[in-house]
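Taking it in order: structure first as structure tokens, then the write-up.
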Amino acid sequence: MEKTALIIGAILCISRIVRVISNMAFNKIHSKYKEKVGVILPILLSISIVLMILGSFIRNFIIIKFGIMSLGYIIIH
């Protein structure tokens, strides 16, 4: 139980840090790629969903499974 709580807490912490960084960078990205943002965001969402689904299929390597699924979660946030 404690290990699971630590892992989930670490995932949430990393995702919050990435969220703050992405919010700061979004204005710069939007001003540079105004017309392409409408294409880039759905692609990132699709990649994150695929990563979370692929991570759920990994059975033997739990660290890799959590890493891949965490990356998908971080992209969403």
Residue under evaluation SER56, criteria (1) farther than 20 Å from ARG19 by Cα; (2) modelled with pLDDT of 90 or more, criterion not met
(2)
Anything in segment 18-38 that is without any contact (Cβ under 8 Å) to a residue 12 or more places away in the chain and either among the charged types (D, E, K, R) or open to solvent by 90 Å² or more (accessible area, probe 1.4 Å) (or both)? List them, or say none.
ILE21, ASN23, MET24, ASN27, LYS28, LYS32, LYS34, GLU35, LYS36
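Quick check on segment 7-17. Is at least one of its residues free of Cβ contacts under 8 Å to residues at least 24 places away in the same chain and exposed (fewer than 11 other Cβ atoms within 10 Å of the Cβ)? I'd like the intermediate steps shown before the answer.
If we filter segment 7-17 for residues that are free of Cβ contacts under 8 Å to residues at least 24 places away in the same chain, which is where we start, we get 8-10, 12-13, 17.
Those left that are additionally exposed (fewer than 11 other Cβ atoms within 10 Å of the Cβ): 9, 13.
Taking every residue of segment 7-17 in turn, at least one turns out to be free of Cβ contacts under 8 Å to residues at least 24 places away in the same chain and exposed (fewer than 11 other Cβ atoms within 10 Å of the Cβ).
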Just to be sure I understand, how many residues within segment 56-68 are within 19 Å of CYS13 (Cβ to Cβ) and of a type in the set (Gly, Ala, Ser)?
1
Could you list all residues from segment 1-26 that are among the β-branched types (Val, Ile, Thr) and in contact with a His (Cβ under 7 Å, 6 or more places away or on another chain)?
VAL18
Tell me yes or no: at least one residue of segment 18-38 is among the hydrophobic types (A, V, I, L, M, F, W, C) and closer than 17 Å to ILE7 by Cβ.
yes
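Each row is one residue, and each column tells you yes or no for (1) modelled with pLDDT under 85; (2) β-branched (Val, Ile, Thr); (3) in contact with a helix residue (DSSP H, G or I) (Cβ under 9 Å, 6 or more places away or on another chain).
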site	(1), (2), (3)
GLY9	no, no, no
SER31	yes, no, no
GLY38	yes, no, no
ILE43	no, yes, no
ILE47	no, yes, yes
VAL50	no, yes, yes
ASN60	no, no, no
So which residues in segment 51-65 are open to solvent by 80 Å² or more (accessible area, probe 1.4 Å) and either in a helix (DSSP H, G or I) or touching a strand residue (DSSP E or B) at 6+ places or on another chain (Cβ under 6 Å) (or both)?
ILE53, LEU54, PHE57, ILE62, ILE63, ILE64
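The values are calculated or read from the model by the stated rules, or taken from the named source; none is laboratory data. In this text, all values refer to a predicted model and were calculated from it rather than measured experimentally. Using ideal geometry, Cβ is built from the backbone for each residue, glycine included, and neighbour counts are taken over all protein chains shown. Calculation scope for accessible area: heavy atoms of the full protein, side chains included, ligands and nucleic acids excluded. Shrake-Rupley method; radii C 1.70, N 1.55, O 1.52, S 1.80 Å.
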